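What follows is a single structure, written as structure tokens, with notes after it.
Throughout, read-outs are computed from the coordinates displayed, never taken from laboratory work. As the structure is a prediction and not an experimental result, all values here were calculated from the model. Please note: Cβ atoms are built from the backbone with ideal geometry, for glycine as well, and neighbour counts cover all protein chains shown.
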């Protein structure tokens with residue numbers, strides 16, 4: 001005999017009805033209103049709205065009990081005002097408040113959460129109801145992490161999930177197609193780990209704005225570039241990413257200009273033909289800067305549309321074609337510039353908490 005299906009959204013002592021979409025089915029469950037209100041300030045407002053009822057219309061007032069009386073749980077304000085002349089009676093505001101508080105938690109109100117991901121929502125509910133033994137014990141997929149971050153942010157209860165993030169958010173494989181997903185999870189939960197810390201910097205490295213003002217990700221030999229899905233970005237984050245891009249861009253060009261100034265003073269390691277070596281190296285780097293539209297060096301880097309990744313390539317690829325002379329210099333010009341730029345990008349940091357506030 002097949003076992004009876006146990007609804008995972010039915011929690012013991014549940015006094016509030018919810019409707020969710022779970023595994024493709026519309027499911028009705030029972031949750032604890034108290035647990036929900038403690039877990040999320042948004043859920044608390046759903047259950048006990050802080051707003052006052054709308055005033056009744058003339059049509060409603062002609063149909064017996066007014067809409068205002070209905071919204072106050074059937075309390076007749078006129079009768080309460082008459083009785084309030086008795087000193088032993090409670091003030092009308094107190095009576096209304098008590099009646100509202102009682103009716104809001106005892107009526108058969110239903111809350112509809114069918115727009116939320118059912119699996120992620122169930123995790124939130126289990127944490128809110130202290131059902132910790134029913135939580136996942138292994139790492140979550142990126143898609144489920146994204147849905148969990150989405151509902152946690154939506155209902156202002158990210159703090160509720162954070163104690164489990166180190167267990168659920170394993171080091172990701174950072175791919176172009178997942179950048180927005182990874183970025184949203186990193187922003188919401190701030191998971192620890194080297195790869196998670198690289199997520200926003202990888203976005204900064206590949207981000208640029210084209211001549212039409214469209215935000216794009218720059219591709220490479222393994223992944224094609226594409227337009228950034230701005231609707232998946234938290235408020236203010238794209239501005240912070242662009243600000244970081246500008247900061248790193250200016251530092252990269254400062255490194256290149258410094259090396260350019262030092263080239264005439266650096267001899268050729270191969271001896272002979274030193275002028276040709278210096279000219280080739282100086283011309284190569286100058287040409288790279290021109291490709292980046294910052295040569296002569298009076299251009300404002302705010303106007304640049306290239307990504308950091310493409311700028312790095314423009315500045316370091318040409319010197320590698322100088323038939324060995326890219327290593328000329330005290331430390332080796334080509335290696336020094338390339339490594340210094342790469343090291344600077346790799347060692348850059350990104351602070352989500354420095355996002356501009358609204």
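Overview of values
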| quantity | calculated |
| --- | --- |
| Entirely in region 158-250, the helices (runs of 4 or more DSSP H) that have 1 or more residues that are touching a strand residue (DSSP E or B) at 6+ places or on another chain (Cβ under 7 Å) | 179-189, 194-206 |
| Residue 125 being touching a strand residue (DSSP E or B) at 6+ places or on another chain (Cβ under 8 Å) and either over 30 Å from residue 344 (Cα atoms) or in a helix (DSSP H, G or I) (or both) | yes |
